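Below is one structure, written out as structure tokens, with a few remarks after it.
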Amino acid sequence: MPHSRPMPPTPVLETPRLVLRPVRSKDAPVIQRRFPKWEIVRWLNAGIPWPYPADGAANHVATCLREMALGEKSHWAIIPKSGPADLIGRIDLWPDDGVSRDQRGFWLDPEFQGKGLMTEAAERVTRYAFCDLDWPHLWLSNAQDNHASRRIKEKQGARLVDLMIGEHVSGRGPQMVWLLTQNEWMARHAA
């Protein structure tokens, strides 16, 4: 069932190793430096311009700020508590629109991958969706060949429910669709 209420203002969230804070205008230069790497963008939605333009991050951050102001989405900068002081990636959350079967997106600079940081960020955002927003489920998706993203969903207990063709920056290809329910996630964390 799609959510009809606007999202509240994007809160600051914390994990043992991370601060997730709302994206702000000052993040654009850091995003412009960290984001346009083939290892990051190849699995993302084909709507992302590639090659990434010089004003890509500024335009994207302006869109994020507008979406947050309208209560359409939450956009967080991922900041490690141990440094660096600027963002190393992003994670986003949006309500179920009843069509897209996707409600969360993320990316992490390859320099920081393989350390469990994105799993930690995804768990915190999931807790926010289920415990604070009381959403009944999260639809999640990833390119089938994006094994790291797939593994995060598996660790969270999401169930693979569909395989479809997706449009990614790297081209058309299989896309996995997952469902993570509030009840299953809460039961897992209570155990």
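The values are calculated or read from the model by the stated rules, or taken from the named source; none is laboratory data. Source: prediction; values computed, not measured. FYI the Cβ positions are ideal-geometry reconstructions off the backbone, even for glycines, and counts take in every protein chain you see. For accessibility, only protein heavy atoms count, side chains too; no ligands or nucleic acids. Shrake-Rupley method; radii C 1.70, N 1.55, O 1.52, S 1.80 Å.
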Quick one: count up the residues across segment 102-128 that are among the small types (Gly, Ala, Ser), assigned to a helix (DSSP H, G or I) and either in contact (Cβ under 8 Å) with a residue 40 or more places away in the chain or surrounded by fewer than 16 Cβ atoms within 10 Å (Cβ to Cβ) (or both). 1
Just a yes or no: is a residue in segment 66-77 of a type in the set (S, T, N, Q) and open to solvent by less than 30 Å² (accessible area, probe 1.4 Å)? yes
Do you know which residues across segment 1-24 are open to solvent by less than 80 Å² (accessible area, probe 1.4 Å) and in contact with a helix residue (DSSP H, G or I) (Cβ under 7 Å, 6 or more places away or on another chain)? Thr10, Leu13, Thr15, Leu18, Leu20, Pro22, Val23
Tell me, which residue of segment 104-126 that is under 11 Å from the mean Cα position of the chain (by Cα) and among the aromatic types (Phe, Trp, Tyr) is nearest to Pro9 (Cα to Cα)? Phe106
Of the criteria (1) open to solvent by less than 50 Å² (accessible area, probe 1.4 Å); (2) assigned to a loop (DSSP other than H, G, I, E, B); (3) of a type in the set (Val, Ile, Thr), which one Val99 fails: (1)
How many residues, within segment 145-191, are closer than 27 Å to Pro36 by Cβ, among the small types (Gly, Ala, Ser) and assigned to a helix (DSSP H, G or I)? 2
